[in-house]
Amino acid sequence: MNTNTIASQSINKKYFSVAQKKAMWAWLFLAIPIIFFIVVRFYPTIDSFYISLTKWNIVQDKEFIGLENYIRLFSDPVFWVVLSNTFEYLILGMPISLVLSFTIAYNLDKFKFGHTFIRACYFIPYLTTAVAMAWVWRWFYQSAPIGLFNNILIELGLEQMMFLRSTEQALPSVLAPAIWAGLGFQILIFMAGLRSVPASYLEAAKIDGAGRWQVLKEITLPHLWPTIVFLVVISTIGFLRIFDQVYNMTLDGQGGPINSSRPLVLHIYQSAFADFEMGFAAAQTVVLFAILSIITFIQFKLMRRK
Amino acid sequence: MSNLPTNMKAVPDMKKLLTWTVLCIGGLAMIMPLIFMFITSLKVGEEVYTLSFWPDEPTLENYIYLFENSNFLIWFFNSFVVAIVTTISVLFFDSLVGYTLCKFEFKGKKLVFVAILSTLLIPTEMLVIPWYLMVKDFGWLDTYWGIMFPGMISGFGVFLMKQFFETVPDDYIHAARIDGLNEFQIWWKVAMPMVGPALSALAIFTFLGNWTAFLWPMIVSNDPELYTVPVGLASFSGEFNTDWELIMAGASVATIPTLIVFILLQKYIVRGVVMSGLKG
């Protein structure tokens, strides 16, 4: 044993080229991470696909049932409500937050006075814990005399609103703190993007007599294209995966009233960890994966175009 | 001569002042929820439900009740341990892998890189069910390890670090090799000190992500002693559903420490978020 190691060491010294030695170091550095990614990322992904083809309540053995979970999913009216809610979060949340954050960044970029302080105000909500803020906003939405918003409405002589107790207002009410918390990040990224627009281009355009809108449309926005694509994708993924706010703001974490604010991730959570229908929940995660993959693919295409 | 330009600018300046004021009001509106949270946490009794800005008699009663009747201190400790250990692990492994994929040439390098990059496409939600089964099978339920293990290495960080190691000149690495340092020493002593800003950016991102994480820690911990702050706060708030002043105290405890850290390190945090946002 001992002589063997010594022998192999001397072989090491004599027969391995520099390139081979470097390769050995590389694989040594990569060994643990590769095992990690296989065990904690790739294997579970494949496992999820497999579980989605079974009927399984964790306690008993898995029973292979083919595509039955998917058939059940797509014929379940609740699932379609959930899916449409999920996209409603996206379709409302993404444009509103991007337009707001761009407007703020574009204007804030021009000021030096109080810049750091104002920027900090917009950014601070990004550092908060979603769970904590969900409860703060939940309190704001209570009816008078408890909730802040309804107290203000009454002070202004207006009628109270239902907010979280209404099937129509619950979803936007849950969405508001999500937009609020994410705004600061988008503003920072937009401001960094605005800095990278060459000042000489802007000067030249002004000398040519271009108005503010024209400069914005012809020079600033085209330059910001990669930033915009990046933020669209990041926020799209974020809104499609909304969970913390809904779970903490709706009664018993149900995404109510009557599923009106329930998004896909909450549905997955409830199916898996309240109903213990692992196969059914896994099928939903596959649907989520498919949606996110399509969006990433579109992003790739859009990035290439520029 | 100096008067003329100012006079000419008088009208646009009014417009500027208006924009600035609107921005200011908007900024204050952004932090209003946090201010209301904090102020209400200092109120008791009837006063909780008034719009009064500052309580007549600010009190720490809610905080005292909170710490006496819940495990908040333990949850705080748990969150801290989880976030710190995960961050250290991510910094170590992600920079090591990023460096290897940047500065080494070997067969299979591209495959490894693409494979790691592709893990960014997999949403966490797809993995929680298999992770939960792993945790159950290995007996990791209600352990720190159970909460931490999925995040010990991140594909995003590998990608980020690889990009930043591009800025380390190869000459330095060759010189260190001639000086007799082995590859591990070269990485640790020569390359790592040159990517400090990137490391701090990754650290901020990882710490914040773990500090606020909710879904997975909630799934994996049943024992209230093992809750992290967000999980504990959710269960505490559910229990004291209508005692809003207590919930506000809990939310303050969960939020204010990060805000203090932010005020102290604002420059680095802003730079870190921008850096990881743009390169990532």
*Please specify each residue of the stretch A:28-80 satisfying the condition of being of a type in the set (A, V, I, L, M), surrounded by 14 or more Cβ atoms within 10 Å (Cβ to Cβ) and touching a residue at least 24 places away in the same chain (Cβ under 8 Å).*
A:ILE51, A:LEU53, A:ILE58, A:ILE65, A:LEU73
*For residues in the stretch B:188-222 being within 28 Å of B:LYS267 (Cβ to Cβ) and of a type in the set (Phe, Trp, Tyr), which is modelled with the lowest pLDDT?*
B:PHE205
_Pairs with Cβ under 7 Å, 6+ apart, first in the stretch B:155-176 and among the polar types (S, T, N, Q), second at pLDDT 95 or above_ = none
*Would you mention how many residues in the stretch B:45-60 are within 30 Å of the chain's Cα centre (by Cα) and surrounded by 15 or more Cβ atoms within 10 Å (Cβ to Cβ)?*
0
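Count, please, the residues in the stretch B:222-280 that happen to be charged (D, E, K, R), in a helix (DSSP H, G or I) and more than 10 Å from chain A (Cβ to nearest Cβ).
First, the residues of the stretch B:222-280 that are charged (D, E, K, R): B:223, B:225, B:239, B:243, B:245, B:267, B:271, B:279.
Filter again for in a helix (DSSP H, G or I), leaving B:225, B:239, B:245, B:267, B:271, B:279.
Now drop any that are not more than 10 Å from chain A (Cβ to nearest Cβ), which leaves B:225, B:239, B:279.
So the answer is 3.
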*Can you name the condition, by its number, that B:PHE72 falls short on among (1) outside the structural domain of B:MET148 (by TED's automatic domain parsing); (2) in contact with a Leu (Cβ under 9 Å, 6 or more places away or on another chain); (3) of a type outside the set (Lys, Arg)?*
(1)
_All but one of (1) of a type in the set (Phe, Trp, Tyr); (2) closer than 30 Å to B:VAL44 by Cα; (3) touching a Phe, Trp or Tyr at 6+ places or on another chain (Cβ under 8 Å) hold for B:PHE184; state the number of the condition that does not hold._
(2)
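So which residues in the stretch B:42-68 are part of a helix (DSSP H, G or I) and closer than 18 Å to A:TYR141 by Cβ? Walk me through it before giving the result.
The first filter runs over the stretch B:42-68 and keeps only residues part of a helix (DSSP H, G or I), leaving B:45-49, B:61-68.
Answer for the stretch B:42-68, where residues must be part of a helix (DSSP H, G or I) and closer than 18 Å to A:TYR141 by Cβ: B:VAL48, B:TYR49.
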*asked:* Just to verify a result, which residue in the stretch A:162-185, among those that are over 23 Å from the mean Cα position of the chain (by Cα) and free of Cβ contacts under 8 Å to residues at least 24 places away in the same chain, is nearest to the other protein chains (Cβ to nearest Cβ)?
replied: A:PHE163
*Could you pull out the residue among B:LEU111, B:LEU101, B:LEU120, B:LEU133 that is assigned to a helix (DSSP H, G or I), within 22 Å of the chain's Cα centre (by Cα) and of a type in the set (A, V, I, L, M)?*
B:LEU120
*A:ASN12, sole failed condition from (1) at the interface with another protein chain (Cβ under 9 Å from one of its Cβ atoms); (2) closer than 26 Å to B:CYS102 by Cα; (3) at pLDDT below 95*: (1)
*asked:* Restricting to the stretch A:267-288, name every residue that is in contact (Cβ under 8 Å) with a residue 60 or more places away in the chain, crowded, with 23+ Cβ neighbours inside 10 Å and not hydroxyl-bearing (Ser, Thr, Tyr).
replied: A:HIS267, A:MET278, A:GLY279, A:PHE280, A:ALA282, A:ALA283, A:GLN284
*Being over 31 Å from the mean Cα position of the chain (by Cα), modelled with pLDDT of 75 or more and more than 13 Å from chain A (Cβ to nearest Cβ) is the filter; apply it to the stretch B:1-44 and report the residue that is surrounded by the most Cβ atoms within 10 Å (Cβ to Cβ).*
B:VAL44
_Of the conditions (1) assigned to a helix (DSSP H, G or I); (2) loosely packed, with under 14 Cβ neighbours inside 10 Å; (3) among the small types (Gly, Ala, Ser), A:GLY209 satisfies every one except a single condition; which number is it?_
(1)
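Looking at A:TYR201, is it surrounded by 13 or more Cβ atoms within 10 Å (Cβ to Cβ), without any contact (Cβ under 8 Å) to a residue 24 or more places away in the chain and in contact with a helix residue (DSSP H, G or I) (Cβ under 9 Å, 6 or more places away or on another chain)? Before you say what the answer is, go through the steps one by one.
On the way: surrounded by 13 or more Cβ atoms within 10 Å (Cβ to Cβ): yes; without any contact (Cβ under 8 Å) to a residue 24 or more places away in the chain: yes; in contact with a helix residue (DSSP H, G or I) (Cβ under 9 Å, 6 or more places away or on another chain): yes.
Yes; evaluated as a whole, the condition is true for this residue.
Going through A:PHE276, A:PHE300 one at a time, which residue ends up being more than 22 Å from A:TRP135 (Cα to Cα), outside any helix (DSSP H, G or I) and more than 7 Å from every other protein chain (Cβ to nearest Cβ)? Can you show your working first?
On the way: A:PHE300 fails: outside any helix (DSSP H, G or I).
Just a single option satisfies the conditions, and that option is A:PHE276.
Surrounded by fewer than 23 Cβ atoms within 10 Å (Cβ to Cβ) and either among the basic types (Lys, Arg) or under 23 Å from A:ILE35 (Cα atoms) (or both): is that true of B:MET161 in this structure?
Working: surrounded by fewer than 23 Cβ atoms within 10 Å (Cβ to Cβ): no; either among the basic types (Lys, Arg) or under 23 Å from A:ILE35 (Cα atoms) (or both): yes.
So B:MET161 fails the test.
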*Please find, within the stretch A:135-151, the residue that is surrounded by the most Cβ atoms within 10 Å (Cβ to Cβ) out of those that are assigned to a helix (DSSP H, G or I) and more than 8 Å from chain B (Cβ to nearest Cβ).*
A:ARG138
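Is it the case that B:GLY196 is in contact with a Pro (Cβ under 8 Å, 6 or more places away or on another chain) and in a helix (DSSP H, G or I)? Let's see the steps before the verdict.
Details: in contact with a Pro (Cβ under 8 Å, 6 or more places away or on another chain): no; in a helix (DSSP H, G or I): yes.
No.
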_Quick check on the stretch A:231-243. Is at least one of its residues in contact (Cβ under 8 Å) with a residue 60 or more places away in the chain, in contact with a Phe, Trp or Tyr (Cβ under 7 Å, 6 or more places away or on another chain), at the interface with chain B (Cβ under 8 Å from one of its Cβ atoms) and buried (at least 23 other Cβ atoms within 10 Å of the Cβ)?_
no
_Condition first: surrounded by 24 or more Cβ atoms within 10 Å (Cβ to Cβ) and either under 21 Å from B:LEU133 (Cα atoms) or not assigned by TED's automatic domain parsing to the domain that holds B:SER79 (or both). Now tell me which residues in the stretch B:226-244 satisfy that._
B:TYR227, B:THR228, B:VAL231
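Got a sec? Which of B:GLU47, B:GLU57 is within 25 Å of B:ASN241 (Cα to Cα) and touching a Pro at 6+ places or on another chain (Cβ under 9 Å)? Steps first, please.
Values: B:GLU57 fails: touching a Pro at 6+ places or on another chain (Cβ under 9 Å).
Criteria check complete, one pass: B:GLU47.
Kindly provide the set of residues from the stretch B:130-154 that are in contact (Cβ under 8 Å) with a residue 60 or more places away in the chain and not hydrophobic (A, V, I, L, M, F, W, C), ordered by number.
Result: B:TYR132, B:ASP142, B:THR143, B:TYR144, B:GLY146, B:PRO150, B:GLY151, B:SER154.
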_Checking the structure you have, find out if any residue of the stretch B:90-110 is modelled with pLDDT of 95 or more, of a type in the set (A, V, I, L, M, F, W, C), surrounded by 21 or more Cβ atoms within 10 Å (Cβ to Cβ) and touching a Ser or Thr at 6+ places or on another chain (Cβ under 7 Å)._
yes
*Of the conditions (1) β-branched (Val, Ile, Thr); (2) more than 28 Å from A:ARG304 (Cα to Cα); (3) in contact (Cβ under 8 Å) with a residue 24 or more places away in the chain, A:ILE207 fails just one. Which one is it?*
(3)
*Determine which member of the set B:ASP223, B:ASP142, B:ASP179, B:ASP171 is surrounded by fewer than 18 Cβ atoms within 10 Å (Cβ to Cβ) and in contact with a Ser or Thr (Cβ under 6 Å, 6 or more places away or on another chain).*
B:ASP142
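The values are calculated or read from the model by the stated rules, or taken from the named source; none is laboratory data. Small disclaimer: the values here were computed from a predicted structure and weren't measured. All Cβ positions, even for glycine, are placed from backbone atoms using ideal geometry, and neighbour counts span all protein chains on display.
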